Amino acid sequence: MQPDMSPASSGLEEYRDRRVGADRVVRLLLETFRSGDNPHREQANYKNAELVYTPAAAAIREVNVNFEEATAIVQPAGQQLIADRADAVNQSLRAEIRRLVIQLVTAHSLGQRVLAMSRVKLNHTEDIEARLQTRQH
């Protein structure tokens, strides 16, 4: 079961959108300060900059809060996904180990049977050879 990532995705998209807006505000502020050629215009630019700065600062604070909230949502979900995947890999590995152990035990048992049968045949062959030697003497 995978957690719903849509709230986190929308939070990150909203963060990106607000970040773009905040970047625009910063560019406008820079343009305002650069265009200050004369003292009268410069004072008007400062007033405009103050009017733009206050909402921009609030927007940046809100973006940071939203980012922290999105991170708080995404981080546990990501950790849960990693934990779930690690559990699945662990279960798969355990199943593979069990399969290999069964194969080894089966091969060992088969080897033991073949060895036992070989001993019986060897003993039987030795008995036959001993009888033949006894008859030849």
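The values are calculated or read from the model by the stated rules, or taken from the named source; none is laboratory data. Nothing here was measured: the structure is a model prediction, and the numbers come from that model. Cβ placement follows ideal geometry from the backbone for every residue including glycine, while neighbour counts extend to all protein chains displayed.
Okay, residues lined up against (1) exposed (fewer than 10 other Cβ atoms within 10 Å of the Cβ); (2) at pLDDT 90 or above; (3) under 58 Å from the mean Cα position of the chain (by Cα):
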site: Ala88; (1), (2), (3): no, yes, yes
site: Glu96; (1), (2), (3): no, yes, yes
site: Val105; (1), (2), (3): no, no, yes
site: Leu110; (1), (2), (3): no, no, yes
site: Val114; (1), (2), (3): no, no, yes
site: Met117; (1), (2), (3): no, no, yes
site: Asp127; (1), (2), (3): no, no, no
site: Arg131; (1), (2), (3): no, no, no
site: Gln136; (1), (2), (3): yes, no, no
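In the stretch 58-87, what count of residues is obtained for those that are of a type in the set (A, V, I, L, M, F, W, C) and touching a helix residue (DSSP H, G or I) at 6+ places or on another chain (Cβ under 9 Å)? The total comes to 8.
Selection of the stretch 16-50 for residues being hydroxyl-bearing (Ser, Thr, Tyr) and at pLDDT below 70 yields Thr32, Ser35.
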